[in-house]
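Quick note: the coordinates plus some simple rules give every number you see, no bench work behind them. What you are looking at is a predicted structure, and each value in this text was computed from that prediction instead of being measured. Cβ coordinates were reconstructed from backbone atoms using ideal geometry, including for glycine residues, and neighbour counts include every protein chain displayed.
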Amino acid sequence: MLLTNATLATMHQGTPYGLLKNGAVLVKGRMIEWVGAGDDLPSEASGHEKIDLEGRLITPGLIDCHTHIVHGGNRANEFEMRLNGASYEEVARAGGGIVSTVTATRQADEAALLEDALKRVDALLGEGVTTIEIKSGYGLDLETELKMLRVARSIEKHREITVKTSFLGAHAVPAEYSGNADTYIDEVCIPALETAHAEGLVDAVDGFCEGIAFSPDQIRRVFEKANALGIRVKLHAEQLSNLGGTQLAAEFGALSADHLEYANDDDAAAMAKSGSVAVILPGAYYTIRETQAPPIEAFRKHKVPMALATDCNPGSSPITSLLLTMNMACTLFRMTPQEALEGITHNAALALGIDDAGVIKAGTRADLATWDIEHPAELSYRIGFNPLYKRMFGGKL
Ligand code: DI6
Ligand code: FE
């Protein structure tokens, strides 16, 4: 199939957005075979089905590299509590927060979890998403952590999308281990990681390093197990305070450190050295009405790649729109529209350790989004407007 007469945001050449006007993309099977100027078609392009995009924009298929999209229930009640004055941390300490979603997730069967998750996945698909990362972490017992990961993986069978899973057993201390976080790590988290890995359900290992969750020393033990199993790590770090999670993640060569509102210049330097991606999550910042923005300038200065993601979760970020996430990143954090688009394409792929998506380039997957707009800045600029024209996943429109 030949896509012609399009503006390409290839996201990998030296120019802004890797922009190519009057571009064409030759797709063969699941892969991109050739990318170039429309008046410079290779001979093998003739004889292929031609689709004239009439000047529309093509970007790589979007990648949401940090979600908790599989979970039971919702937390509209806590939304209401916060509006009556409680802080996110107070809600968590009062037995709400993550732990209340754990109860709902334990109670839900796989079919119910899947049905709920697919509604949220469909919202992302409708905006041109072709790859999504999904974390466990609302089970906090062996059985439910495995259940979440199985449901996450099964989404690939029900929708045209690539799913990457992260084991997030160190997300919160469940009520039955209250005050015994270390015991929870030893008795539940590490054995569950071993089992999930043995069942082939884990692409990466994540943790929540925070006062209301786990200390750097506790996360270190989980990361050491991940290392022993040969699994890459990532970490929720410096979201509500600076505990040193980013430095720990860097020490383990993390794929990414995520949130990072309270990270500092030294943290950015450490990430640059370890090649970790900074995953910026404006939906959570917005929802909990955080006022400290992540150190975008430090990430630029140290050349830390920045990704953007929804953090789709029922507590701190009930958002299923990467387009809105881009707008928030620009308006709240002063990221540029180019950085925003890099953040949900090329850099999001880096944050997942994927090298065959996130750019428009020969030899990568034919995962593309075509948009009824002329310039990529329009993706970040509008609020609540979805200009998706057609989505291509693995060469299929
Ligand atoms: N940081 C977050 O923002 C979410 N998890 C995390 O580690 C919050 C998840 C929740 O409130 O349910
Ligand atoms: Fe998260």
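Take Lys390, Lys273, Lys303 and order them by how many other Cβ atoms sit within 10 Å, fewest up front.
Numbers: Lys390 16, Lys273 13, Lys303 9.
Final ranking by Cβ density, sparse to dense: Lys303, Lys273, Lys390.
What's the exposure ranking of Ser316, Ser46, Ser100, Ser276, going from fewest to most Cβ atoms within 10 Å?
Numbers: Ser316 26, Ser46 9, Ser100 21, Ser276 29.
Taking fewest neighbouring Cβ atoms as first place, the list is Ser46, Ser100, Ser316, Ser276.
Mind checking the angle between helix 110-125 and the chain's longest principal axis? C-alpha axes, 0 to 90 degrees, to the nearest 10.
The helix 110-125 is inclined about 40 degrees to the chain.
Defining a contact as two alpha carbons under 8 Å apart and six or more residues distant in sequence, what relative contact order in percent does the chain show?
Details: 933 pairs, mean separation 80.2, N = 397.
Worked out over the chain, it gives 20 percent.
Rounded to the nearest 500 deg cm²/dmol, what is the calculated helix-only ellipticity per residue at 222 nm for the chain, with -39500 (n - 2.57) per DSSP H run of length n ≥ 4? Present the calculation step by step, with values, prior to reporting the outcome.
Working: 16 runs with 143 residues, N = 397.
Value at 222 nm, helices only: -10000 deg cm²/dmol.
Run the dipole for the range 333-397 about the Cα centre, Lys and Arg Cβ at +1, Asp and Glu Cβ at -1, nothing else charged, and hand back the magnitude in debye, nearest 20. Numbers along the way, then the final one.
Numbers: 7 positive and 8 negative charges, 37 e Å.
Dipole of the range 333-397, to the nearest 20 debye: 180 debye.
With springs only between Cα atoms under 10 Å apart, run a GNM on the chain and tell me which of Asn386, Asn77, Asn327 wobbles the most.
So, out of Asn386, Asn77, Asn327, the one fluctuating most is Asn77.
Residue-wise, which Karplus ³J(HN,Hα) couplings in Hz belong to the range 63-70, taking 6.51 cos²θ - 1.76 cosθ + 1.60, θ = phi - 60°, and x for glycine or proline?
Computed from phi, the couplings for the range 63-70 are 10, 9, 8, 7, 9, 10, 6, 8 Hz.
Within 10 Å of each residue's Cβ, count the other Cβ atoms and sort Asp182, Asp141 from fewest upward. List each step's numbers first, then the result.
Working: Asp182 15, Asp141 18.
Ascending number of Cβ neighbours within 10 Å: Asp182, Asp141.
Once you put a point 7 Å from the Cα of Ala86 and another 7 Å from the Cα of Glu44, both along the Cβ direction, what distance in nm separates them?
It works out to 6.0 nm between the two label points.
Quick check for me: using +1 on Lys/Arg Cβ and -1 on Asp/Glu Cβ, what's the dipole size of the range 248-364 about its Cα centre, in debye to the nearest 20?
260
What's the magnitude of the charge dipole for the chain around its Cα centre, counting Lys and Arg as +1 and Asp and Glu as -1 at the beta-carbon? Answer in Debye, nearest 20. Provide the component values of the computation, followed by the final result.
Values: 35 positive and 53 negative charges, 137 e Å.
Taking the Cα centre of the chain as origin, the dipole is about 660 debye.
Run through the range 310-388 and list the chymotrypsin sites (Phe, Trp or Tyr not before Pro) located in a DSSP loop whose Cβ has at most 16 other Cβ atoms within 10 Å.
Details: sites: Phe333, Trp371, Tyr381, Phe385; in loops: Phe385.
Those that pass, being in a loop and sparsely packed, are Phe385.
Could you list, in their original order, any pairs among Lys119/Lys396; Lys164/Lys303; Lys21/Lys396; Lys21/Lys135 whose Cα atoms are separated by more than 29 Å?
Working: Lys119/Lys396 21 Å; Lys164/Lys303 26 Å; Lys21/Lys396 23 Å; Lys21/Lys135 38 Å.
Those over the limit are Lys21/Lys135.
Using bins 10 angstrom wide from zero, how does P(r) for the chain break down, in % of all Cα pairs?
5, 24, 33, 24, 10, 3, 0
Report the rotationally averaged projected area of the range 143-275 based on its alpha-carbon convex hull, in square nanometres. Each step should come with its number before you reach the end.
Numbers: hull surface 33.5 nm².
If you wrap the Cα atoms of the range 143-275 in a convex hull and average its projections, you get 8.4 nm².
Measuring from centroid to centroid over Cα atoms, what is the spacing of the range 158-202 and the range 293-327 in Å?
Each part's Cα centre sits 24 Å from the other's.
Taking K and R as +1 and D and E as -1, what net charge do the other residues with C-beta under 9 Å from the C-beta of Leu168 add up to?
Net of charged neighbours comes to -1.
When the chain is modelled as a GNM with alpha-carbon springs shorter than 10 Å, which of His375, His66, His259 fluctuates the most?
His375
Among DSSP beta bridges lying fully in the chain, give the percent that are antiparallel, nearest 5.
Numbers: 22 of 53 bridges.
In the chain, DSSP labels about 40 percent of beta bridges as antiparallel.
Can you give me the Cα centroid spacing of the range 1-66 and the range 217-267 in angstrom?
37
Build a GNM of the chain with springs between Cα atoms under 10 Å: which of Ile344, Ile383, Ile319 gets the top mean-square fluctuation?
Ile383
Using θ = phi - 60° and the Karplus relation 6.51 cos²θ - 1.76 cosθ + 1.60, list the HN-Hα couplings for the range 343-350 in order, rounded to whole Hz, with x at every Gly or Pro.
Coupling constants for the range 343-350: x, 10, 10, 4, 6, 5, 4, 4 Hz.
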